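Report on one structure; see the data block that follows.
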């Protein structure tokens, strides 16, 4: 299987097994690129989501498992030693002296995701503690109660010694 393939193969004797590679902080994409350049089959599942940065919501793509990616190897045929010195990589994850393959039941759903980022909405659940970032109550913490429409939320704030319900724009909230 080449690095340019659009479809991943599950582990078997011919293709090998999938192993976890520890990446250096925030260097998962560089590690993926470098490993592919060396001919390894690499899987880096990613999420596309909205995060609050600099007081504004932005669309970002980030690794599903920060600090980790997966590589397919046939131990005995493929030499895992170069992975340790690959730019962006710290090395293969092992337990003791053994490289432990990722179980099929774990890797199979990840392989099914393909190369495109999975879209994930970072939403609030009832009971989540949130911070009001803008408006007259900016800086206060509240408890998320429920969403009201697409762009508003009902939260509970402690005001004058009693929990009060207020409606605020969703964009004004961040997770505490």
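The numbers here are math on the coordinates, done by the rules we state, and not lab data. Bear in mind the structure is a predicted one, so any value in this text is a computation, not a measurement. Note: ideal-geometry Cβ built from the backbone for every residue, glycine included; neighbour counts use all protein chains shown.
Below, the figures for the structure above:
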item	result
Separation of the residue 140 and residue 37 label points, Cα + 7 Å toward Cβ, nm	5.4
Computed [θ] at 222 nm, helices only, for the chain once each DSSP H run of length n ≥ 4 contributes -39500 (n - 2.57)	-3500 deg cm²/dmol
Value of D in µm² per second that Stokes-Einstein yields for the chain, Kirkwood Rh from Cα pairs, at 20 °C (1.002 mPa s)	113
Simple spin-label estimate for residue 62 and residue 84 in nanometres, 7 Å along Cα-Cβ	3.1
Compactness of region 129-175 as Cα Rg over 2.2 N^0.38 Å, two decimals	1.01
Extension reserve of the residue 148-residue 104 stretch, reckoned as 0.36 nm per residue once the Cα distance is removed	11.7 nm
0 to 90° range, to nearest 10: angle between helix 28-37 axis and the chain longest Cα axis	20
